[in-house]
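Remarks on the structure that follows.
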Amino acid sequence: MDQSKAPVLDALAAYHEKGRTPFTPPGHKQGRGADPRARAVLGEAVFRADVLATSGLDDRTSSQGVLEEAQALMAEAVGADHAFFSTCGSSLSVKSAMLSVAGPHEKLLVGRDAHKSVVSGLILSGIEPVWVDPQWDAERHLAHPPSPEAFEAAFAEHPDARGALVTTPTPYGTCSDLAAIAEVCHRRGRPLIVDEAWGAHLPFHPDLPTWAMDAGADVCVTSVHKMGSGLEQSSVFHLQGDLVRPEVLKSREDLLGTTSPSVLMYAALDGWRRQMVEHGEALYDHALALAHKTRDRISRIDGVHVHGRDDFCGPGRAADQDPLQIIMDISAWGTTGYRVADRLRADHRIDLHVADHRRISAQLTHADDGDTAEALLAALTDLSARRAELRPARSVEVPSPEGLRLDQVMLPRDAFFGRTEQVPWEKAEGRIVAEMLTPYPPGIPAAVPGERLNGDVLRYLRTGVAAGMVVPDAVDTEITTVRVVRDE
């Protein structure tokens, strides 16, 4: 195919050139009806590009095949058999993938370090999760993706599982041995779903971790807005092989997706694919060089340890690491990542990605340059000199790996939709949780509906919130009370 084409962008340009007059949504009619104050902030071009997909970008029957051509170009660009665009984020895409592999009361192997969107998929579908434990770094209180051996053991115990789902890279940039996990699945004729939300850039440079399609995954979900040039909520899921039928995957997306997709998002996805095919390797040559230099300079700041492959990769740990995710341990400052992130935003206008009880992270992409790196370095250097201002910080009672692992005693769907009550957190130990309790970011639930709560996790969440942790999906975000299944 001609990868210099951008069918969505070309069709959008043609729409304006032909001077069409819409009597369809969106109601702002190319921005004419938008509040001038909104146009002043968002820009005229946003409203001009916000057109209807059918009876707008394409005709009533989509006879021009604009979206289909753009998706085929994307699939070819990354080496997949099929690609599907989603304007509802990877939160929807991963649910579509799960529903294409398993149905209500069927089993799916799932790494327990999955994002809350995966748990939402379990709740909506009624799928029974078989949790596969991550590889825990007890010294650093950090989870890396599950090993191939862990998936092998889970299949041996649950041979009726319909497939497996693994998250890689994690929000901390650590990666699975995907080729080995795919082999475990395919030996049994089962598909592998990869939630690769943080890996949309991986196909476009040989020095980045292995791309899921190259490793043999069957379905791969990417969030192009995270590490690529997509707009927020733009996602692509890719398919190869014959273990999941394309019409099944598309029908699941139709079931969950919007009937009013954003052409803005389609256009950005289309443009990003062309940009990466034509310039991706050169852009990531620069990004990787900048990341290497920035990592080295940050590591020289007093009290900051930059995690690299020596920390995260090896036997019993991750298989690889994305160097563009700069994970910094600031525990030597005697404070928390929450306080550091808040101070960097307040004092230096620096917004970070993950902040936890002892770490902060900064993601670099192809869009960063010397100026953005210098801003980060200057802010960290200044804060290091003033770190005494960040003390004392409240401590977070982080459990052992055993203490973090809760028993799943009900289906997530049954617990979430069952009869519930709100109880004081001190009385929730031993009760079955009926809500997700998710420190965010990174968005990995500490407790999943249907799990039996223990004191370790409850104290972790309570002390975490007191120290600055955010748990946005809880009914009571302060975790003074917890929603649990009502005792009959």
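The values are calculated or read from the model by the stated rules, or taken from the named source; none is laboratory data. Since the model is a prediction, treat every value here as computed from it, not as a measurement. We place every Cβ from the backbone using ideal geometry, glycine too, and count neighbours over all the protein chains shown.
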TODO: Evaluate the range 253-260: report whether one residue or more is under 25 Å from LEU99 (Cβ atoms) and free of Cβ contacts under 8 Å to residues at least 12 places away in the same chain.
DONE: yes
TODO: From ALA114, ALA143, grab the single residue that is at negative phi, within 21 Å of the chain's Cα centre (by Cα), surrounded by fewer than 24 Cβ atoms within 10 Å (Cβ to Cβ) and of a type in the set (A, V, I, L, M).
DONE: ALA143
Task: Filtered residues of the range 215-250 (kept if assigned to a helix (DSSP H, G or I), farther than 23 Å from HIS205 by Cβ and touching a residue at least 12 places away in the same chain (Cβ under 8 Å)) - done: PRO246, VAL248, LEU249, LYS250
TODO: Mind listing whichever residues of the range 308-348 are free of Cβ contacts under 8 Å to residues at least 24 places away in the same chain and in a loop (DSSP other than H, G, I, E, B)?
DONE: GLY308, GLY314, PRO315
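So that you can scan it fast, the table gives a plain yes or no per residue for (1) basic (Lys, Arg); (2) over 25 Å from THR87 (Cβ atoms); (3) at pLDDT below 95:
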residue	(1), (2), (3)
PHE237	no, no, yes
THR258	no, no, yes
LEU283	no, no, no
HIS286	no, yes, no
LEU290	no, yes, no
ARG297	yes, yes, no
Task: Counted residues, the range 386-405 - those being without any contact (Cβ under 8 Å) to a residue 60 or more places away in the chain and over 18 Å from LEU437 (Cβ atoms) - done: 7
Task: Residue match in the range 8-24 (condition: within 25 Å of HIS205 (Cβ to Cβ) and touching a helix residue (DSSP H, G or I) at 6+ places or on another chain (Cβ under 8 Å)) - done: yes
Task: Failed criterion for SER62 (all others in (1) surrounded by fewer than 22 Cβ atoms within 10 Å (Cβ to Cβ); (2) in contact with a Ser or Thr (Cβ under 8 Å, 6 or more places away or on another chain); (3) more than 19 Å from LYS250 (Cβ to Cβ); (4) not basic (Lys, Arg) hold) - done: (3)
TODO: Determine whether GLN363 is more than 23 Å from LEU122 (Cβ to Cβ), buried (at least 17 other Cβ atoms within 10 Å of the Cβ) and among the polar types (S, T, N, Q).
DONE: yes
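Does the range 274-306 hold any residues that are without any contact (Cβ under 8 Å) to a residue 60 or more places away in the chain and in a loop (DSSP other than H, G, I, E, B), and which are they?
Hit for the range 274-306 is ARG300, nothing else.
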Open item on the list: Return the residues of the range 327-353 that are surrounded by fewer than 23 Cβ atoms within 10 Å (Cβ to Cβ) and within 22 Å of GLY228 (Cα to Cα); say none if nothing qualifies.
Closed with: ILE350, ASP351, LEU352, HIS353
Open item on the list: Tell me yes or no: at least one residue of the range 288-309 is in contact with a Cys (Cβ under 8 Å, 6 or more places away or on another chain) and under 30 Å from MET1 (Cβ atoms).
Closed with: no
- [ ] Being over 21 Å from the mean Cα position of the chain (by Cα) and of a type outside the set (Asp, Glu) is the filter here, so list the residues in the range 314-338 that pass it.
- [x] GLY314, PRO315, GLY316, ILE330, SER331, ALA332, TRP333, GLY334, THR335, THR336
TODO: Tally the residues that are assigned to a loop (DSSP other than H, G, I, E, B) and of a type in the set (Gly, Ala, Ser), restricting the search to the range 143-188.
DONE: 5
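Starting from residues that are charged (D, E, K, R) and over 23 Å from the mean Cα position of the chain (by Cα), keep the ones in the range 167-193 and report whichever is surrounded by the most Cβ atoms within 10 Å (Cβ to Cβ).
Step by step, filter the range 167-193, then rank; the result is ARG190.
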Open item on the list: Suppose the filter is buried (at least 22 other Cβ atoms within 10 Å of the Cβ), more than 24 Å from GLU397 (Cβ to Cβ), touching a Cys at 6+ places or on another chain (Cβ under 8 Å) and assigned by TED's automatic domain parsing to the domain that holds GLY370; does GLN321 pass it?
Closed with: yes
